[in-house]
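Engineer: Mind having a look at this structure? Questions to follow.
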Amino acid sequence: MSYNNVKISKMTIEDFSNIKEILISDFDDFWNTKILEEELKDENSYYLVAKINNEIVGFAGMKIILNEADIMNIVIRKNFRNLGIGSTLLKNLILNAKQKEITKLTLEVNENNLPAIHLYEKLNFKKISIRKNYYNNIDNAIIMQLIIT
């Protein structure tokens, strides 16, 4: 099942204000509101938001460093997961990276987050490294990379 009426747009400070109070409760696995606010103000960061009927259901962002970018997060509201929204956001990030002439996208993912790993592999990300005990000093992070041609 997927939503065809998902609208993707660049995240604004107004979007951030609309979800600020529910970031931890509805999105989980998220850093904190102050970090996201700082990211949105950073000229090297690029964030997208997914909306259904003007309700924010997910967002994703990357930090651009010269001609490379790190995907910082892809976060979907709990009750909208497994509907293809994360995939749509990631595909849009990749498209934007191409438009910005970025040649390499890198991300890290918890080794236990099998749905995310599967999504990244489906979009041709390759495992390139591991960071031991990265998440909560317990779980390893898998570093994945996509070379954009």
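The values are calculated or read from the model by the stated rules, or taken from the named source; none is laboratory data. Fair warning: this is a prediction, and the values are worked out from it, not measured in the lab. Positions of Cβ are generated from backbone atoms using ideal geometry, with glycine treated the same way; all protein chains shown enter the neighbour counts. Side chains are part of the model used for accessible areas, which takes the heavy atoms of the whole protein and leaves out ligands, DNA and RNA. Shrake-Rupley method; radii C 1.70, N 1.55, O 1.52, S 1.80 Å.
Engineer: Contact list please: Cβ distance under 9 Å, first residue in segment 125-141 and under 21 Å from LEU90 (Cβ atoms) and at pLDDT 90 or above, second residue among the small types (Gly, Ala, Ser) and surrounded by fewer than 14 Cβ atoms within 10 Å (Cβ to Cβ), pairs at least six apart or on different chains.
Structural biologist: The qualifying pairs are ALA141/SER129.
Engineer: Among the residues of segment 28-61 satisfying the criterion of being open to solvent by 60 Å² or more (accessible area, probe 1.4 Å) and of a type in the set (Lys, Arg), which is farthest from LEU105 (Cα to Cα)?
Structural biologist: LYS34
Engineer: Filter segment 81-117 down to residues that are open to solvent by 60 Å² or more (accessible area, probe 1.4 Å) and touching a Ser or Thr at 6+ places or on another chain (Cβ under 6 Å), then give me how many there are.
Structural biologist: 0
Engineer: Within segment 83-113, track down each residue that is polar (S, T, N, Q) and either touching a residue at least 40 places away in the same chain (Cβ under 8 Å) or outside any loop (DSSP other than H, G, I, E, B) (or both).
Structural biologist: Scanning segment 83-113 gives SER87, THR88, ASN92, ASN96, GLN99, THR103, THR106, ASN110.
Engineer: Also, I was wondering about something else. With respect to the numbered conditions (1) surrounded by 14 or more Cβ atoms within 10 Å (Cβ to Cβ); (2) within 25 Å of GLY84 (Cβ to Cβ), which one is the sole condition not fulfilled by ILE64?
Structural biologist: (2)
Engineer: Checking ILE19 against (1) assigned to a helix (DSSP H, G or I); (2) at pLDDT 90 or above; (3) out of contact with any helix residue (DSSP H, G or I) (no Cβ under 7 Å at 6 or more places or on another chain); (4) buried (at least 18 other Cβ atoms within 10 Å of the Cβ), which single condition isn't satisfied?
Structural biologist: Going through (1) assigned to a helix (DSSP H, G or I); (2) at pLDDT 90 or above; (3) out of contact with any helix residue (DSSP H, G or I) (no Cβ under 7 Å at 6 or more places or on another chain); (4) buried (at least 18 other Cβ atoms within 10 Å of the Cβ) one by one, ILE19 breaks only (2).
Engineer: If you don't mind, another one. What pairs can you find where one residue is in segment 5-18 and among the basic types (Lys, Arg), the other is modelled with pLDDT of 90 or more, and their Cβ atoms are less than 8 Å apart, with a gap of 6+ or different chains?
Structural biologist: LYS7/ALA50; LYS7/LYS51; LYS7/ILE52; LYS10/TYR46; LYS10/TYR47; LYS10/LEU48; LYS10/VAL49
Engineer: Shifting gears a bit: How many of the residues in segment 114-149 are part of a helix (DSSP H, G or I) and either more than 17 Å from the chain's Cα centre (by Cα) or not basic (Lys, Arg) (or both)?
Structural biologist: 8
Engineer: Just the residues that are among the β-branched types (Val, Ile, Thr) and in contact with a Lys or Arg (Cβ under 7 Å, 6 or more places away or on another chain), please, taken from segment 99-146.
Structural biologist: Answer for segment 99-146, where residues must be among the β-branched types (Val, Ile, Thr) and in contact with a Lys or Arg (Cβ under 7 Å, 6 or more places away or on another chain): ILE142, ILE143.
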